[in-house]
Amino acid sequence: MNYIFIESDAQLTPLMDALSADPEYISFDTEFLRERTYYPILCLLQLCIDGRVFLVDTLNKVSLDKIISALVNAKCPVICHAGSEDMEIITGLARKFGLNRLYPEKYYDLQTASSFVDGTSNVGLCTLVEKYLGIVLGKTETRSDWSQRPLTEEQISYAVEDVIYLKKIYDIFSEKLRDRPEVASFLERELKNEAQHYTEIRNADTTYLKLKGTGKLNSKKLRIVHALCTLRQQVCEYDDIPLSFFIKNTVLVKLADAGVFNVGSLIKTGVNGQIARKYGDLIIRTALKASADKSRPVLKTFDAVNQHPELRAVKKEVENYAKKRAGEYAIAKDLVVSRRLLEDFMYTTMYTDSSKSLIEQGWRGEMLGSMDSFRKRIQKICNIPRED
């Protein structure tokens with residue numbers, strides 16, 4: 001198994017030469033740790049450039065700015081598999097280095113592509129490689145400690161295998177979509193949407209809107225949820241701890257709903273004792289202030305649409321219609337109308353003025369066509385005035 005292992009800037013020349021040689025393609029992957037931190041700790045960057053594999057030890061003193069710049073500015077296809085967390089790392093580094101571009105122009109995720117090619121969603125790389133190339137990959141290093149040094153032979157093999165097969169599957173997918181130009185266009189636009197989404201910075205002002213169990217809460221309790229989401233974001237970014245270590249979503253909603261705030265109630269509701277003792281006063285002050293601040297604006301949350309049992313029938317019809325259309329195009333159904341996308345359609349119809357939902361925009365909107373008949377039924381059931 002051939003690869004070049006890079007541990008210092010003195011070893012970068014072959015990699016930078018390959019990146020600057022107008023390559024036909026680049027495949028990439030990352031190995032990182034994030035169990036106990038807010039920010040991912042990049043341990044290894046794997047690149048396959050026109051068949052040559054480079055493993056960059058990012059825990060050593062290797063200057064990543066030139067590598068990331070070459071990657072995001074590449075003109076060739078830049079291929080990965082299930083790249084959401086990888087792209088979060090890449091776009092974060094590009095922003096840190098002050099680059100004008102944050103993601104590759106021709107970003108291509110095989111897992112996303114599989115939803116359009118095969119109609120299968122969330123398919124693993126091992127499954128794709130075995131299905132299309134007849135090669136069985138090992139899975140033993142999936143939960144490996146990538147911060148340990150030296151890396152084992154098994155880890156090295158795993159890291160190399162994560163990038164060497166991607167281009168072959170990319171070629172197979174491209175050939176399969178050659179006679180399906182409309183679906184190929186849908187995929188291209190979805191990949192651009194994904195890449196742009198990965199550049200977005202987490203925003204507590206929208207986080208609270210997506211929490212389960214908030215649909216039944218009144219404005220006072222929603223103000224507390226919003227304020228605690230904001231506090232959690234600030235603390236976790238500053239102290240570099242996972243959001244769930246501070247307060248889990250379910251616990252946060254229970255706190256706001258109960259409305260009783262003291263260190264004992266925090267622990268009883270599910271806040272970790274150490275967190276409650278260290279941040280308890282801050283959490284309590286934040287909650288009480290938000291509770292009393294009637295000027296603090298809050299919106300109904302997406303979960304509010306689930307509080308209307310009279311809408312279940314039409315909601316199911318929307319879902320069935322979207323799935324039927326997805327089936328006609330042989331596209332994975334949950335990519336077209338996931339639970340979140342269905343909630344978004346119901347939410348925009350019920351609570352926003354003249355806004356189009358996500359399934360009414362872009363390639364989904366083209367595929368589904370007008371959803372006005374569903375909108376009118378929902379508005380009629382909810383007694384919402386319709387625009388002419």
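Rule-based calculations on the coordinates, nothing more; no lab input. Keep in mind that what you see is a predicted model, and the values were worked out from it rather than measured. Backbone-built Cβ (ideal geometry, glycine too); neighbour counts: all protein chains shown.
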Whichever aspartates and glutamates have a C-alpha closer than 13 Å to that of K289, once near sequence neighbours (fewer than 8 apart) are set aside: D281
Distance between the range 93-118 and the range 142-212 - C-alpha centres, whole angstrom: 8
Relative exposure of T140, T37, judged by other C-beta atoms within 10 Å (fewest first): T140, T37
Approximate shape of the range 230-388 as ellipsoid semi-axes (Cα gyration tensor, √5λ), whole Å, largest first: 39, 19, 14
Local electrostatic count, S114, Cβ distance below 11 Å [Lys/Arg +1, Asp/Glu -1]: 0
Range in the chain, longest, excluding exposed GluC sites (Glu not before Pro) [loop by DSSP; at most 11 other beta-carbon atoms within 10 Å]: 201-386
Nearest-ten-degree value, helix 273-292 long axis tilted from longest Cα axis of the chain: 50
Ranking of S357, S27, S121 by count of other Cβ atoms within 10 Å, fewest first: S121, S357, S27
Footprinting exposure proxy for V62, V163 (fewest neighbouring C-beta atoms within 10 Å first): V62, V163
For the chain, calculated [θ]222 nm from helices alone, where every DSSP H run of n ≥ 4 adds -39500 (n - 2.57): -15500 deg cm²/dmol
Cβ-placed point charges (K, R +1; D, E -1), dipole of the chain about Cα centre in debye, nearest 20: 2380
Approximate spin-label separation L288-Y132, in nm, with each point projected 7 Å along Cα-to-Cβ: 5.9
Beta bridges by DSSP in the chain, antiparallel share as percent, to the nearest 5: 65
Segment Q361-A313, length gained on full extension (0.36 nm per residue, minus Cα span): 14.9 nm
Filter on K220/K248; K96/K176; K294/K376; K192/K220; K192/K333 - keep pairs with C-alpha separation over 31 Å: K96/K176; K294/K376; K192/K220
Computed over the chain: relative contact order in percent, which uses C-alpha pairs under 8 Å that are six or more apart: 14
